[in-house]
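A short worksheet on the structure shown next.
The values are calculated or read from the model by the stated rules, or taken from the named source; none is laboratory data. What you are looking at is a predicted structure, and each value in this text was computed from that prediction instead of being measured. Cβ placement follows ideal geometry from the backbone for every residue including glycine, while neighbour counts extend to all protein chains displayed.
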Amino acid sequence: MQGWMIALLALLGVGMLAGGFLGIFRATRGLRSSLSTITSALNEAVAANNEPPKPRSLSSLESVVMPKILKDFPDFNAKVFSQRVRRDAETYYESGRQGKVLFRNDATALFLESFEDRLPENVKEQIKVHRASIAAYDGSGRRKLLTCQAAVGYLDTNDAQQERRLVLQYIAGYADDPDSEVVGFNCPNCGAPLPAAGARVCVYCGTSFVAPVDRGWMLFEAKEG
């Protein structure tokens, strides 16, 4: 065989071999890229699963219901009452953590009786109220009902972060029976019951006063929702 033919065949063989190696290199690089994409997606999924849940959203209608509330309770202060809601929400879950009802004179007897049988379970520690808001107000009947919401987080007995939305309902001018007539606040001077829950002048002794916004409202119901 001619020398030049041998050289040509050798050159072709080297070219084919080089092309094969180049193809393998490209395939390997593509495989590495695919594996890298899959690994990245898996890492993102794991990270998402390990992220603590975000605080629950609330239905805040404060700007809508405040004019109705102020009509019945001119001295009502939403910011001050929000602090009351936060305390009650924390007490709700703290009662579950301690296994006993921690509410006292600021809740109705009916609520205390029913709450004792349905304390929140598996609450371990780190109870935190993220925020609270006014959700609704019903002043159309004898009972004046104020509905609020609170976003609460805590660590459960499995060391998992839990986020809950707690709905709290308050009744103004509470008597022993929530279905009875609204008796209103008591006069700070003579102690007589006032005829209207939002009254600012005692009809018995004539004393004028400003009723604290977080008093006279009794916790009537609280549940997750």
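Below is a table of values for the structure above.
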quantity	calculated
Residue satisfying all of: in the range 116-165; surrounded by fewer than 14 Cβ atoms within 10 Å (Cβ to Cβ) and of a type in the set (Ser, Thr, Tyr); nearest to Pro67 (Cα to Cα) among these	Ser140
Candidate set: the range 131-149, residues that are part of a strand (DSSP E or B) and free of Cβ contacts under 8 Å to residues at least 40 places away in the same chain; chosen: the one nearest to Ser57 (Cα to Cα)	Thr147
Subset of the range 67-81 (residues that are part of a helix (DSSP H, G or I) and buried (at least 19 other Cβ atoms within 10 Å of the Cβ))	Ile69, Phe81
Residue that is at pLDDT below 90 and in contact with a helix residue (DSSP H, G or I) (Cβ under 7 Å, 6 or more places away or on another chain), where the choices are Glu121, Glu62	Glu62
Any hit, the range 138-160, residues being of a type in the set (Phe, Trp, Tyr) and at pLDDT below 95	no
Complete set of residues in the range 87-130 that are of a type in the set (A, V, I, L, M, F, W, C) and assigned to a helix (DSSP H, G or I)	Ala89, Ala109, Leu110, Phe111, Leu112, Phe115
